[in-house]
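Only one structure is covered here, and it is reproduced in the block below.
Readers should treat all values here as calculations from the given coordinates under stated rules, not as data from a laboratory. None of these values were measured; they are calculated from a predicted model. Using ideal geometry, Cβ is built from the backbone for each residue, glycine included, and neighbour counts are taken over all protein chains shown.
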Amino acid sequence: MLASEVVTLERATPDMSPLVGNLLELYIHDLSGIFAVELGPDGRFGYPRLPLYWADSVGRHVYLIKFGSRVAGFAMVTRGSPASQNPTDLDVAEFFVLRAFRRSGVGRQAAFMLWDAVRGQWVVRVVETNEPGVSFWSETVRSYTSGMFAERVMPAVPTAWRVFTFASRATGQGPDLRTTR
């Protein structure tokens with residue numbers, strides 16, 4: 001990777017749906033080692049909720065993670081979280097970095113940019129059996145918040161979830177979506 005290339009977030013638009021759909025296939029394939037997901041008869045896992053992201057531009061957001069001009073992954077955000085009673089909390093619903101960009105700081109930088117760009121109260125959930133994910137999110141949230149976050153284990157079947165909650169830093173960057181309806 002070239003030192004001159006930078007990580008950026010680009011808000012995805014409906015015309016980028018095929019690209020996001022293809023990235024979701026790679027993401028779900030990675031997760032198939034953790035979750036019992038079935039391959040469809042067409043050879044794809046599918047992500048039936050993707051159209052909701054294009055229909056609800058206030059409550060759902062998709063961002064492409066880029067490294068220079070190359071797509072490096074994506075982040076999907078929803079307003080409201082299954083791990084929170086507050087319907088205005090922001091949830092990292094899905095987050096994926098291509099293997100070629102892992103362990104390079106791309107994911108960490110993208111998460112920081114996401115939380116600074118979409119300010120509010122955040123929830124990050126990761127299944128306990130996803131050891132690399134738990135390690136990544138623990139370190140990333142701790143670093144972003146300088147240790148000012150809450151962490152708990154949420155029991156679930158078949159496996160528990162690690163849940164991190166915290167507020168965006170007051171950066172003055174990007175819109176404050178806490179009050180957007």
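Results, tabulated for the structure shown:
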quantity	calculated
Prolate/oblate/rounded call for the stretch 3-86, Cα gyration tensor, a/c under 1.5 rounded	oblate
Mean Kyte hydropathy of 0.0 or more with a Cα span along the axis of at least 18 Å, helices from DSSP in the chain	17-31
The stretch 1-45: C-alpha gyration tensor shape, a/c 1.5 cut-off, then a/b vs b/c	oblate
HN-Hα J in Hz across the stretch 93-98 - Karplus 6.51, -1.76, 1.60, θ = phi - 60°, x for Gly and Pro	5, 8, 8, 9, 10, 4
Candidates 77, 92, 157: whichever shows maximal mean-square fluctuation once the chain is modelled as a Gaussian network with Cα springs under 10 Å	157
For the chain: relative contact order, % (alpha-carbon pairs under 8 angstrom, 6 or more apart)	18 percent
Given [x] 16.0, 54; [y] 20.9, 88; [z] 15.9, 48, the label whose value is Rg and Dmax of the Cα atoms in Å derived from this model	[z]
Residue-averaged 222 nm ellipticity for the chain, from DSSP H runs of 4+ at -39500 (n - 2.57), nearest 500	-8000 deg cm²/dmol
Counted charge near residue 85, where neighbours are those whose Cβ lies closer than 15 Å (Asp, Glu -1; Lys, Arg +1)	+1
